[in-house]
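The values are calculated or read from the model by the stated rules, or taken from the named source; none is laboratory data. Because the structure is a prediction, the values reported are computed rather than measured. Quick reminder, even Gly has a Cβ in these numbers, built from the backbone with ideal geometry, and neighbours come from all protein chains shown.
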Amino acid sequence: MSNKEKNQPIYIDSFDYPLPDERIAKFPLARRDDSKLLIYKDSDITESKFSNLVNFLPDNCLLVYNNTRVIQARLVFHKATGARIEVFCLEPLEPSDYALSLGATRKCDWKCMVGNLKKWKEGSLSKLVEINGKTFTLNAQFIASKGNTHHIHFSWDNLDIHFAEILEKAGELPIPPYLNRETVESDLITYQTVYSKIKGSVAAPTAGLHFTAEVFESLKTKNIETEELTLHVGAGTFQPVKTKTVNEHHMHTEVISVQKSTIEHLLQKTGNIIAVGTTSVRTLESLYYIGSSLNHPKGDFLDLHVRQWMPYEDCQEISVYQALQNILNYLNKNNLTTLHAETQIMIKPGYKFRIVNGMITNFHQPKSTLLLLVSAFVDGKWKEIYDYALSNDFRFLSYGDSSLLLT
C-alpha cells in the first residue's frame with residue numbers, strides 16, 4: 001500500500017454496531033470449551049462448539065498461542081482523609097524488563113494509570129501488606145505525568161519480598177471495565193488461560209480462554225502442532241478508537257518475546273499458521289517487519305521496534321521465508337535464544353497478512369482496533385459475521401464465545 005493509500009481516511013463510525021448489554025458475557029461458562037464456535041471459511045458461516053475445534057482446523061496446521069499471564073495489577077491505597085486512590089500498573093519503567101521488575105526487591109518504577117489522581121497531588125501513599133505472616137509497608141510516590149499515564153515509584157521495607165509477590169497478595173485482577181462488576185475470586189482462575197505462565201499482562205488474551213486440556217488432546221488426533229510466544233497485553237488493546245478516523249489513532253506499544261525454536265517451527269509451517277487471538281496475530285505479523293528491517297543492518301531499526309504505520313510504508317518486499325530467516329541469522333549472530341522486541345503495529349482494512357493464515361478470536365467491541373484487525377482479515381465482511389453472531393445468541397467480548405476465521 002502506498003503512502004497515498006495509507007492516508008486515505010477510514011472513518012471509525014463505519015465499524016460501529018449495536019451491542020446490547022445483555023449480549024456481553026459478564027461471567028464465563030462453567031466449562032471453558034462449552035462456548036459456541038463460529039466458523040468462517042470461504043465466505044460461508046457455520047457454527048459448532050469450541051470442544052469440536054479440531055474438526056475445523058486445516059490439516060497439519062500450526063496453532064500459535066500467547067502464553068502471557070495476567071498480573072493483579074490494580075493497587076488500592078487510601079489517604080489519611082479516606083480518599084480512595086487506585087493505581088493501575090501498566091508496564092515497568094525501572095527496571096524496564098518485566099521479569100526484572102516483577103522480581104525486584106525494595107523498589108521499582110512503573111507506568112500507571114491513576115484513579116482519583118486529583119486527590120493525590122503530592123506526597124507518598126502507603127498501605128500495610130502481610131505476606132508469609134510478616135507485615136510491611138508498601139509506598140507509592142508520584143513522579144511525573146505523560147499524557148494520561150503516570151510514572152509511579154514503588155518502595156517497600158522488606159528486602160525478602162519481590163514486587164510480583166506484592167501484586168499477587170495486595171493487588172486486584174483488572175477485569176475489563178465493560179463487565180460492569182467487581183473482580184470476584186473465580187476470576188483469578190477463569191480470567192487466565194490454562195497455558196498462561198509468563199507474568200506481565202494487564203488484560204487476558206481472551207481467545208485462549210476457551211482452551212482446555214481435552215481440546216489440546218484432541219489436536220493430537222489430527223497431528224496439529226502448537227507453539228507459544230509472548231505478548232504482554234496492555235490496557236490499550238481493548239480500548240475503543242476515540243478519534244474520527246483510524247489514521248488519527250495512536251497505537252500503544254507492547255512487548256513481545258519469541259523463542260528461536262518457535263521461529264524455526266514457523267519456517268517449517270509457513271502457509272499453514274493459525275493464530276490464537278489478536279495478540280498472537282500482532283506478534284506473528286510483526287515478525288515479518290522485523291525480519292524485513294534486518295535486511296538493512298545499517299538502518300534505524302536496531303531497537304527492534306515495529307512502528308505503527310510500518311506495514312503501509314514503501315519498503316522492499318521480501319518473502320516470509322527470508323524475513324524469518326533474517327531473524328534466525330540475527331539471533332545466531334548475537335548468540336541469542338529469544339527475540340525480544342516491541343510492536344506498535346496497526347492492522348486495519350487494506351493490510352496484507354504475511355504470516356497468519358487463520359485466527360481464533362472472540363467478538364470484539366464496536367469501534368475497536370481489534371474489530372479493524374478482523375475486518376482486514378475477512379476482507380471487510382465483518383458485518384456479516386457479527387450479524388450472524390448477534391442473531392444466533394453468541395455471547396460477546398472477553399468471557400464470550402469464539403470464532404475461527406479462515407482465508
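Worth pointing out:
- Residue check for C112: surrounded by 20 or more Cβ atoms within 10 Å (Cβ to Cβ) and touching a Pro at 6+ places or on another chain (Cβ under 8 Å): no
- Only one of the numbered conditions (1) buried (at least 19 other Cβ atoms within 10 Å of the Cβ); (2) out of contact with any Phe, Trp or Tyr (no Cβ under 7 Å at 6 or more places or on another chain) is violated by T81, and that is (1).
- Filtering region 323-352 to residues that are in a loop (DSSP other than H, G, I, E, B) and surrounded by fewer than 15 Cβ atoms within 10 Å (Cβ to Cβ) leaves N334, N335, L336, T337, K352.
- Near pairs, Cβ below 7 angstrom, 6+ apart or cross-chain, from region 368-381 (under 13 Å from M346 (Cα atoms)) to any residue that is assigned to a helix (DSSP H, G or I) and aliphatic (A, V, I, L, M): L372/V246; L373/V281
- Hits in region 76-118 (condition: among the polar types (S, T, N, Q) and either out of contact with any Asp or Glu (no Cβ under 9 Å at 6 or more places or on another chain) or part of a loop (DSSP other than H, G, I, E, B) (or both)): T81, S96, N116
- Selection within region 353-400 - buried (at least 21 other Cβ atoms within 10 Å of the Cβ), assigned to a helix (DSSP H, G or I) and either in contact with a Leu (Cβ under 9 Å, 6 or more places away or on another chain) or not assigned by TED's automatic domain parsing to the domain that holds D21 (or both): V374, F377, W382, Y386, A389
- Annotation note: of K41, K6, the sole residue that is at pLDDT below 95, of a type in the set (K, R) and more than 21 Å from the chain's Cα centre (by Cα) is K6.
- If you check K169, K199, K242 for being under 29 Å from L372 (Cβ atoms), basic (K, R) and not in a loop (DSSP other than H, G, I, E, B), only one passes: K199.
- Looking across P18, P28, one residue alone is surrounded by 14 or more Cβ atoms within 10 Å (Cβ to Cβ), in a loop (DSSP other than H, G, I, E, B) and modelled with pLDDT of 95 or more. It is P28.
- Residues in region 137-166 that are in a strand (DSSP E or B) and among the aliphatic types (A, V, I, L, M) were compared, and the one that is farthest from C112 (Cα to Cα) is L138.
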